[in-house]
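Before any comments, here is the structure.
Every read-out reported here was derived from the displayed coordinates using simple, explicitly stated rules and does not represent laboratory data. For clarity, every value in this text was computed on a predicted model and none was experimentally measured. Cβ atoms come from the backbone with ideal geometry, glycine included; neighbour counts cover every protein chain shown.
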Amino acid sequence: MNASSALSDPFFCGCETGPEQDALLSVDEALRRTLALVEPVAQVEPVPLEKAHGRVLAQAIRSATSLPLFDNSAMDGYAIRLADLSGDGPWRLPLAGRVAAGDAGDTPVPVGAALRIFTGAAIPPGCDAVVIQELTRLEGDTVEIRRRPEPDENIRRAGEDLTYGSELLPAGRRIGPRAAALLASAGCGNVVVRRRVRITYFSTGSELRAPGTPLAPGQIWNANRYHLQGALDLPWVEATDMGSVPDQPDRLREALEEASRNADLVVSTGGVSVGDEDHMPAVLRAAGGTVEVMKVAIKPGKPLLIGRIGRALYLGLPGNPVSAFVTWHVIGARIAEALAGLAEGAPRRIIVRAGFDRVRQPGRCEFLPARLGSYDGHGTRVVEIATSEVSHRVALLAQADGLLLIPSETDRIQLGDMLEFLPFQDG
């Protein structure tokens, strides 16, 4: 795999270059087909800026002002006229007053005098430099200036950061702390955002029980429900948790139909493989839905079901907790971000160096939970993996720093190989 091509294409993982098995779709193709089905939510709403954190902008925002709003001092010091510094220094000027941040700063400084000025304060008319206080000495009501400043030194001129009418933020930008600060600085008290994406989810499996309850033989605690609760705890998502549903086709169909009535995306875990108790493909069709993607060349997580039911998209994740996590992280999250209209939805990737040797069976693009180690001599992080298979190892997933991407055609990883790594953004 060519690292530069992989980084330039958010869908490229290398799995299209190897042979597909049993009509498996590559991860790249599965993503393309799925995202082609997605239309961002159309409804928008105005919200006050203090309620907009984490929301997605529905339209570009242009500045209704210039920044800075007025000429102001970049430092604490003394505002002067350069013309008053005649001959060789040092120069001694009487103080004619002071101007602090918030003062109007509209009184001209008298000829041959200086004004004490503080950071952010408006530059008085006629002043063309600010001498920082470290280059002065104050004696009573007189300031001694030791070095002649350059014109406009330590002055922030109006409009030098931002001009009137320029684009502050594009449509599709999530309003994070930096974006919120910019909007506030430009006086934007309200913004127009897309409504939250409605995602309804449930787990399938008669064996599932809530954590903290006793287990009968053959039962397990439901990990996927809590993974999705955390993954969907986002300001731009309105999530509905339907709990777990037994492996009974009628009950599953009822849950699927109910979930799809008001959702943009329905997510289920389990029941998407080929076993006798894997009912979701048939249930989706029986409920009037369509299957668009089934079986993807990804490891872990080959059983994966993507389709439609009514106006909602449907995503059926594997029941195995690590497989469900990986397929959500790689594919499911991209669907949700596309529905939200997020412009920066592709996962961030970094280049790392393998700190291990591993022989593998080619054919599926693999995402291994891995930990970042130290830096090598070239400033590249070294990555380590557990030596055992990890499709059932939830503990290893919790200890990982991210997912190591192994292209489908790779049959061996050698110590020092360069690979791509998808860091986790949460705990």
Exercise for review: State the volume of the convex hull built on the alpha-carbon positions of the stretch 72-156, expressed per residue in Å³ and rounded to an integer.
Suggested key: 74 Å³
Exercise for review: Report the relative contact order of the stretch 350-423, percent, no decimals, based on alpha-carbon pairs under 8 angstrom and at least 6 residues apart.
Suggested key: 49 percent
Review point. Among LEU368, ALA52, GLY316, whose Cα lies farthest out toward the positive end of the dipole of the chain, if unit charges sit on the beta carbon of Lys, Arg (+1) and Asp, Glu (-1)?
Key: GLY316
Review point. So how do PHE202, PHE325 line up by other beta-carbon neighbours within 10 Å, fewest first?
Key: PHE202, PHE325
Check your understanding: Just LEU25, LEU67, LEU315 to compare: in a GNM of the chain, with alpha carbon springs under 10 Å, which one fluctuates most?
Key -> LEU67
Check your understanding: Spin-label point model (7 Å from Cα, Cβ direction): what's the THR380 to VAL291 distance in nm?
Key -> 4.1 nm
Practice item. Arrange the peptides 209-216, 57-64, 156-163, 266-273 so that the one whose residues have, on average, the most other Cβ atoms within 10 Å appears first. Key: 266-273, 57-64, 156-163, 209-216
Exercise for review: Quote the charge dipole size of the stretch 28-81 about the Cα centre in Debye, to the nearest 20; the model charges only the Cβ of Lys and Arg (+1) and of Asp and Glu (-1).
Suggested key: 100 debye
Review point. Among PRO249, VAL111, GLY230, which residue has its Cα positioned farthest towards the positive end of the charge dipole of the stretch 110-252, with +1 placed on the Cβ of Lys and Arg, -1 on the Cβ of Asp and Glu, and the dipole taken about the Cα centre?
Key: PRO249
Review point. Tally Lys and Arg at +1 and Asp and Glu at -1 over the other residues with C-beta under 14 Å from the C-beta of TYR201: what net charge comes out?
Key: -3
**Study point:** Cross-link reach list, aspartates and glutamates versus LYS295, counting only Cα pairs under 12 Å and skipping chain neighbours closer than eight places
**Key:** GLU20, ASP22, GLU29
Check your understanding: In deg cm²/dmol and to the nearest 500, what is the mean residue ellipticity at 222 nm of the chain if only DSSP H runs of at least 4 residues count, each as -39500 (n - 2.57), divided by the residue total?
Key -> -4500 deg cm²/dmol
Revision key, fill the gap. Once amide hydrogens are built 1.01 Å from N within the peptide plane, the residues lying 5 or more places from SER244 or on another chain with amide H under 5 Å from its amide H are SER203
Exercise for review: Give me the number: length gained by fully extending ALA398 to ARG412, i.e. 0.36 nm times residue separation minus the C-alpha to C-alpha distance, one decimal in nm.
Suggested key: 2.5 nm
Review point. Given Cα pairs under 8 Å that are at least 6 residues apart, what percent is the relative contact order of the chain?
Key: 18 percent
Study note, to complete from the structure: Amide H contacts under 5 Å for THR142, restricted to residues at least 5 apart in sequence or on another chain and with H modeled in the peptide plane, are LEU95
Practice item. Would you kindly derive the ³J(HN,Hα) couplings of the stretch 72-88 from the backbone phi angles with the Karplus curve 6.51 cos²θ - 1.76 cosθ + 1.60 (θ = phi - 60°), listing them in order in whole Hz, with x for Gly and Pro? Key: 8, 7, 8, 8, 6, x, 9, 8, 9, 9, 4, 5, 7, 9, 9, x, 8
Review point. Which whole-number percent is the relative contact order of the stretch 129-195 (Cα, under 8 Å, 6+ apart)?
Key: 24 percent
**Study point:** Filtered GluC sites (Glu not before Pro), the stretch 319-384: DSSP coil and at most 14 other beta carbons within 10 Å
**Key:** GLU344
Check your understanding: Once fully extended, how much extra length lies between GLN43 and GLN59, figured as 0.36 nm per residue of separation less the alpha-carbon to alpha-carbon distance?
Key -> 4.6 nm
**Study point:** Convex hull volume per residue for the stretch 283-419, taking Cα atoms only, in Å³
**Key:** 119 Å³
Exercise for review: Using only C-alpha positions, report the orientation-averaged shadow area of the convex hull of the stretch 230-332, nm², one decimal.
Suggested key: 6.2 nm²
Check your understanding: Between GLY373 and residues 5 or more places away or on another chain, which pairs have amide H atoms under 5 Å apart, with H built 1.01 Å from N, and which residues are they?
Key -> VAL382, VAL383, GLU384
Check your understanding: If you place +1 on the Cβ of every Lys and Arg, -1 on the Cβ of every Asp and Glu, and leave all else neutral, what size is the dipole of the chain about its Cα centre, to the nearest 20 Debye?
Key -> 400 debye
Review point. Over the Cα atoms of the chain, Rg to Rh with Kirkwood Rh, two decimal places?
Key: 1.17
Exercise for review: Arrange LEU138, LEU304, LEU317 by Cβ neighbour counts within 10 Å, fewest through most, would you?
Suggested key: LEU138, LEU304, LEU317
